[in-house]
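Before anything else, here's the structure in question.
The values are calculated or read from the model by the stated rules, or taken from the named source; none is laboratory data. No experiment lies behind these values; they were computed from the predicted model shown. Please note: Cβ atoms are built from the backbone with ideal geometry, for glycine as well, and neighbour counts cover all protein chains shown. In case anyone asks, the SASA skips ligands and DNA or RNA and just uses the protein heavy atoms, side chains included. Shrake-Rupley method; radii C 1.70, N 1.55, O 1.52, S 1.80 Å.
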Amino acid sequence: MSMTVPAKKITSRQELAELKKAFKGHTLMRMVSEEPEKRREISVSMGTCGIEAGARDTMLAMLDEVVAQELDDVSIMAVDCMSPADDCSAEPIVKVEFPGEKSVRYKNVDVATGIEIVQQHLAKGNIVERAKI
Amino acid sequence: MSNYRLQILICGGTGCVSSGCLEVEDALVESLRKHGLYEETKVIKVGCFGFCEQGPIVKVYPDNTFYVRVEAKDCEEIVAEHLLKGRPVKRLFFKEPSTGERYSHHRDMPFYETQVRVALKLCGIVDPENIEDYLAVDGYDALAKALTEMTQMDVIDVIKASGLRGRGGGGFPTGRKWETAYNAESNKKYVICNADEGDPGAFMDRSIMEGDPHSVIEAMALAAYAIGADEGVVYIRAEYPLAVNRLKIAIEQAKAYGLLGKNILGTDFNFDIQVNLGAGAFVCGEETALINSVQGERGEPNFKPPFPAQVGLWKEPTVINNVETYVNIPQIINNGADWFQSLGAPGNPGTKVFALAGKINNVGLVEVPMGIKISDIIYKIGGGIRGGKKFKALQTGGPSGGCISQENIDVEVTFDNLEKVGSMMGSGGMIVMDEDDCMVDIAKFYLDFTVEESCGKCTPCRIGNKRLYETLENISKGKGKIEDLEELRDLGVIIKDCSLCGLGQTAPNPVLSTLNFFMDEYRAHVVDKKCPAGACKDLLEYVVIPEKCIACTLCKRVCPVDCIIGEPKVIHVIDQARCIKCGACEAKCPKDAIVKQ
Ligand SMILES: Cc1cc2nc3c(=O)[nH]c(=O)nc-3n(C[C@H](O)[C@H](O)[C@H](O)COP(=O)(O)O)c2cc1C
Ligand code: SF4
Ligand code: SF4
Ligand code: SF4
């Protein structure tokens, strides 16, 4: 298992705190998953049609944005195809769910829209109306 | 920075390595590559998930799916269906034996539901071979806090207020031990981690070191800071190669980050740890014997007092604590004494890890709050007695402990309560016995172990325990006399009173506790020459129940010594004088007409 060899030893509590921030992404997903009742979920439709429409790139971009925004209660999952039968035109479909609230679905979520959803909906609570289903 | 979309955790504890987790890892990586998922997936070998019997266990994040008994051939399906398309592989979910229900998430499983994880919090979550994982989850925060905000006495006061008691068996208050060492005048002091884990049924210390070695290191640094030590020793048995290896990797990484060594975090605190391999004698887990062994002398105990906190390693004040005791400490510093007090029972705060084994449905490592009822451990977590048999006893405390019977099954597990019912906490072995286990045989089994492990320094332990063993052996062979039972008890008490160290002082416990709670069974052996559980071979008789026998001659034909008398239409009889008790006839009889009694 690779470890980043530190350029120099940590010499203060401050340095330790900064370094830890950089590693948060390592374990975030695992720690968030341990407490399902507090977790906000992003589900990305990953059926064959979703993958063809670019769902994997969308998912990875959203994931990086979640870490960049330091959202430590969000998990991103691949789920089975969410499209209605025979109609794949809305893929990639993304669902955002907050505990105890009604979920919001988005259609044709490309990388840019995915990032916007994280920045607006998850970080600030503003639904991205233009992509909403 | 790139982040992984998926993380797959494979249990890489000793238990799962032996059930094939390495092959599973290879197969997973191969399938991930094939499906182009390798770059976005992180595969990590972590420490024990506790549910060893169901291993190898594979956990998939972010959904937190829990797969059991995964084999290499299952990996392609996991990758192609679950990881790629989001369809979990249901056939690999755990199936509860008593209800048949399947669980996708470990937290819903009865085995985990009642557990509270403090000592094992990070086991199975962080990558034990990568300090970055530990740093990402509050790692070394407690040390940083102590070094920058707290005086030595502040640290000791928090540990004292938390009420933490030693998990190595004695239950001694940790904060008080640290205070004694702090108050001892000397400019050289040591801290030792006791990772000898000599109880044959226990493996929690091993699992902690394999799964979360940095918590142990951080805790030792905290102890060193508190008492004013600058050197630490981990005494670990050489039979734990994986734990030794992970610990050494962790120490190297901590040094690279400057979390061990000189001027830690820019303060004037210096601390280094060395690893000392023990040869695995049970008595070397006793603290004074352990210190002798580290000094290169014979691993024999010394008389106490003085205690190691006053006169320890190289005659200097030394704090020695158990692995599980240590891992609680960073969390106590981070979360406060009140948090720790809020877990567990009055006077016995926190949790305890037990190694649950024996005739029970779910075996493995379980961590429960102190004060939980024995019956909850057996029936809720353990899923009840295997094969629907009847519970007979719970053996706790390993070779130094005793057997707890049905009448005490609702006792709340604390250091004090277990002693009250004639057993002890020990290091946390818990072996469930059912109606087929003979209590004389069990007592004999443990005594055999202690006789073997006695260092021989003092007579009551060396000779006395041997006598106890011989008497038990006679009883199990049907040669016991009723006076033997009184003698067992008298001799046991003398050995307890006159032995130098904890080994001798506790060795008679398995005998005394079974005498107390299962006197009827001992009597049956000496008076009726019968073993009610049918375990002592010499006391068994195979007999034909005449009412059931249809005289088919099958038994007669399988008997290797030709001692069954009978012919077609004549009810068969076994000649006891010649029977060698092989059981072949019982297995063969189509009418269950042959029974052992
Ligand atoms: C025969 C014998 C064996 C022992 N074996 C162990 C052991 O394997 N691990 C351990 O931590 N403590 C063991 N102990 C207890 C230690 O002597 C000591 O009390 C303990 O390490 C103190 O740490 P704690 O206060 O954190 O429990 C043993 C004691 C006796 C008498
Ligand atoms: S009690 Fe037994 S193990 Fe302990 S010092 Fe005496 S002989 Fe050795
Ligand atoms: S096998 Fe059973 S039924 Fe047949 S003769 Fe023997 S005891 Fe009787
Ligand atoms: S137990 Fe074995 S030796 Fe005895 S009667 Fe049955 S078959 Fe023969």
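Within segment B:496-507, which residues are open to solvent by less than 30 Å² (accessible area, probe 1.4 Å), within 13 Å of B:LYS457 (Cα to Cα) and among the hydrophobic types (A, V, I, L, M, F, W, C)?
B:CYS501, B:LEU503
Right, something else. Among A:GLU37, A:GLU101, which is the only one that is open to solvent by 40 Å² or more (accessible area, probe 1.4 Å) and closer than 30 Å to B:VAL118 by Cα?
On the way: A:GLU101 fails: closer than 30 Å to B:VAL118 by Cα.
The match here is A:GLU37.
Okay, moving on. Please go through segment B:75-88 and pick out each residue that is touching a helix residue (DSSP H, G or I) at 6+ places or on another chain (Cβ under 6 Å) and either over 20 Å from B:TYR103 (Cβ atoms) or in a helix (DSSP H, G or I) (or both).
If the condition is that a residue be touching a helix residue (DSSP H, G or I) at 6+ places or on another chain (Cβ under 6 Å) and either over 20 Å from B:TYR103 (Cβ atoms) or in a helix (DSSP H, G or I) (or both), then B:CYS75, B:GLU76, B:VAL79 are the ones that fit.
Here is a further query. Identify, from the list B:THR180, B:THR174, B:THR148, the residue that is open to solvent by less than 40 Å² (accessible area, probe 1.4 Å) and farther than 17 Å from B:ILE208 by Cα.
Testing whether each residue is open to solvent by less than 40 Å² (accessible area, probe 1.4 Å) and farther than 17 Å from B:ILE208 by Cα leaves just B:THR174.
Another question, then. Out of segment B:333-387, which residues are among the polar types (S, T, N, Q), more than 18 Å from B:VAL413 (Cα to Cα) and touching a strand residue (DSSP E or B) at 6+ places or on another chain (Cβ under 9 Å)?
B:ASN361, B:ASN362, listed by residue number.
Please tell me if A:ILE133 is modelled with pLDDT under 90 and open to solvent by 60 Å² or more (accessible area, probe 1.4 Å). Break it down stepwise before answering.
Working: modelled with pLDDT under 90: yes; open to solvent by 60 Å² or more (accessible area, probe 1.4 Å): yes.
Considered against the rule, which asks whether it is modelled with pLDDT under 90 and open to solvent by 60 Å² or more (accessible area, probe 1.4 Å), A:ILE133 comes out as yes.
Let me ask something additional. Which of the residues belonging to segment B:270-302 are over 15 Å from B:ALA238 (Cβ atoms), surrounded by 20 or more Cβ atoms within 10 Å (Cβ to Cβ) and not polar (S, T, N, Q)?
B:PHE271, B:ILE273, B:VAL283, B:GLU286, B:GLU287, B:ALA289, B:ILE291, B:PRO301
Can you tell which of B:GLU132, B:GLU113 is among the acidic types (Asp, Glu) and within 12 Å of chain A (Cβ to nearest Cβ)?
Of the residues listed, the single one that is among the acidic types (Asp, Glu) and within 12 Å of chain A (Cβ to nearest Cβ) is B:GLU132.
While we're looking at this one, here's another question. Looking at segment B:244-285, which of its residues are of a type in the set (A, V, I, L, M) and either closer than 16 Å to B:LEU222 by Cα or within 13 Å of chain A (Cβ to nearest Cβ) (or both)?
Just the residues of segment B:244-285 that are of a type in the set (A, V, I, L, M), to begin with: B:244, B:247, B:249-251, B:254, B:256, B:259-260, B:264-265, B:273, B:275, B:277, B:279, B:281, B:283.
Selection gives B:ILE249, B:ALA250, B:ILE251, B:ALA254, B:ALA256, B:LEU259, B:LEU260, B:ILE264, B:LEU265, B:ILE273.
Would it be correct to say that B:LEU515 is within 16 Å of ligand 2 (Cβ to nearest atom), closer than 30 Å to B:LYS420 by Cα and crowded, with 19+ Cβ neighbours inside 10 Å?
Against the criterion (within 16 Å of ligand 2 (Cβ to nearest atom), closer than 30 Å to B:LYS420 by Cα and crowded, with 19+ Cβ neighbours inside 10 Å), B:LEU515 does not qualify.
Residues being part of a helix (DSSP H, G or I) and more than 16 Å from ligand 2 (Cβ to nearest atom): count how many of those fall in segment B:405-464.
Looking only at that region, the number is 16.
Quickly run through segment B:546-568 and pick out the residues that are within 8 Å of ligand 4 (Cβ to nearest atom) and open to solvent by 80 Å² or more (accessible area, probe 1.4 Å).
B:PRO560, B:ASP562
Let me ask something else about it. Name the strands (runs of 3 or more DSSP E) wholly within segment A:1-100 that hold at least 3 residues that are modelled with pLDDT of 85 or more?
Result: A:40-45, A:94-97.
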